[in-house]
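Only the coordinates and a few stated rules stand behind these numbers; no lab work does. Keep in mind that what you see is a predicted model, and the values were worked out from it rather than measured. Methodologically, a virtual Cβ is constructed for each residue, glycine included, from the backbone with ideal geometry; neighbour enumeration extends over all protein chains shown.
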Amino acid sequence: MLKRETARKSPIEYEKMQEHLDMLEEIYKAEEQIASGEGIAHEDAKALLLRRYGSPDFLEVDEIEKPAPAGDEVLVRVHAVSINDWDWALILGTPFIPNRLMTGLLRPKIVVGSDIAGRVETVGSKVTRFKPGDEVFGDLSGCGFGGFAEFVCAPESALMFKPPKMSFEQAAAIPQAGMLALQGIAAGQTHKPGQTVLINGAGGGVGSIAIQLLKLHQVEVTGVDAAAKLEAMKLWGYDHVIDYAAQDFTRSGKRYDLILDVKTDRPLADYEHALNPHGVYATVGGQLPRLLQVACSRFRFWRTSEKTLSVVALKANRDLHYFNELFGSDKFKPVIDSVYAFSEADVRKAFHHFGTSAHKGKIVVST
């Protein structure tokens, strides 16, 4: 009977097997580190973080992980960002609905800032319009905000090329205010010389842009705001200015073809009283209850007037190319009230200044 010999491995074969086992163990450890993020060096970048709702004093500039773009996204090195009403509302945490549904019920989980201008750092694999080094600007309110940071990722559809002669600060002052001004004017179809327009809250970002657009069509424009802003508004081109604290424009007897409202701080009947027959009232901002009243006004079954009341729903970035064209032909220039540095103290000052409603034009932070 033949004996079966037991296969034996030489010392060299055992040594090779051990090397393979050690290599597999190293690969397994590396995969665990990748899954947990342990041992991986992440590049950090500065961002403005809101620690609590209620005040700009809760804003802090801190380090976060530098974002990386998805396939259809662009990573932008932010050079300037402007302040909008929406940023202010997010910081205050009001109205509770819908803002806190987006940013966190009790503690904010968002980097504010929508209107940015900067330079493309990197692009995702599916991006076709932009390349590293391109100068861009746009409104990020429809894709998560995040503008008050050194770097932010945005879909390429949210960005437009910045003209070479336009500064980053000028570009950051345009997107949201520019779209609201343009779309508010379009709601009234006010393009004929001699038509009358009133802008309520005319001394801020929207009003400083709307007056320039309206004057392209030789429209007669009245602006309403605080007394401290009236001289600046005259320089921008307003034909008439009204101190809201001294005169109620809805009781003056003057009628308008379009009322573009940034404040929405009066009853609807007052606005209707100040409109011409077939006149249009279009609001682009204000307190939520007032905005809801305007939005629901079309369902009033007892209403017989042919006057139109509407809320302008922002269509972000849709016509930024138009502002590029106007800027290139010297027919438009953003009005900048002040520029602040991207430091904790200065950004808090910028938001406090915005909160007083004393700014004439836009407030910009340079990063």
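Side notes on the structure shown:
- Diffusion constant of the range 176-311 at 25 °C, which comes from Stokes-Einstein with the Kirkwood Cα-pair radius and 0.890 mPa s, µm²/s: 167
- Positive minus negative residues near A177 (Lys, Arg vs Asp, Glu; Cβ under 9 Å): 0
- Working note: Karplus 6.51/-1.76/1.60 with θ = phi - 60° gives the range 348-361 the couplings 4, 4, 4, 6, 4, 4, 4, x, 7, 6, 8, 6, 10, x Hz, where Gly and Pro are set to x.
- Listed cross-link partners K126/K331; K66/K331; K66/K362; K109/K362 are compared with a 30 Å cut-off, the Cα-Cα value being larger for K126/K331; K66/K331.
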